[in-house]
Amino acid sequence: MSLRLRSLFAGACLSLFGIAVSLGVIELGFRLIVPEKRLPTLPRPHFFYLPPGAVNFRDRPYPFEKPVQTFRTVVVGDSFTFGPGVQFDDSFPKRLETLLNYSKGPLRNEVLNFGESGYATVHEVKVLKESLKYSPDLILLQITLND
């Protein structure tokens with residue numbers, strides 16, 4: 001390598017080193033002066049509503065026999081259906097029930113939540129057999145991509 005090429009190479013390396021050190025000092029200065037902004041976390045409730053007579057947080061008790069003028073839907077699924085960490089009325093089956101009952105039609109809608117945390121489709125067969133005791137008109141199987 002010629003002397004001139006070596007001096008060009010050494011100059012380029014020193015320039016790059018100087019730029020890297022300068023950027024590092026600027027970064028360090030910003031981290032010390034400007035506080036880090038974090039995304040706000042959503043507040044989780046400390047108290048969860050449990051409907052009267054319910055045996056678990058999943059749903060209120062329903063009779064096996066479906067009431068007259070009632071369309072009954074059963075939702076079978078995993079923790080997304082069960083709704084851990086949300087209030088009772090914020091699980092998607094209860095939201096669905098609320099939306100379906102907005103209309104003042106002749107039928108009342110009941111949406112029963114048969115979600116179980118940690119369940120996959122293989123486990124939900126047992127839950128599906130249990131839900132058939134409630135004479136559903138419609139069965140929804142909720143599948144999350146990790147099932």
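Scan the stretch 55-83 for residues that are under 25 Å from residue 43 (Cβ atoms), assigned to a loop (DSSP other than H, G, I, E, B) and either open to solvent by less than 70 Å² (accessible area, probe 1.4 Å) or among the acidic types (Asp, Glu) (or both) and the total you get is 5.
Taken over the stretch 84-96, the criterion of being part of a loop (DSSP other than H, G, I, E, B) and of a type outside the set (Val, Ile, Thr) is satisfied by 84, 85, 87, 91. So, in the stretch 101-131, of the ones that are among the aliphatic types (A, V, I, L, M) and touching a residue at least 12 places away in the same chain (Cβ under 8 Å), which residue ends up farthest from residue 64 (Cα to Cα)? This residue is 120.
For residue 47, indicate whether it is farther than 30 Å from residue 106 by Cβ, part of a loop (DSSP other than H, G, I, E, B) and open to solvent by 100 Å² or more (accessible area, probe 1.4 Å). The answer is yes for residue 47. Within the stretch 97-123, no residue satisfies the criterion of being open to solvent by 50 Å² or more (accessible area, probe 1.4 Å), in a strand (DSSP E or B) and of a type in the set (Val, Ile, Thr).
The values are calculated or read from the model by the stated rules, or taken from the named source; none is laboratory data. On a predicted model such as this, the values are computed, not experimentally measured, just so you know. Neighbour counts run over all protein chains shown; Cβ positions are idealised from the backbone, glycine included. Side chains included, ligands, DNA and RNA excluded: accessible areas come from the protein's heavy atoms. Shrake-Rupley method; radii C 1.70, N 1.55, O 1.52, S 1.80 Å.
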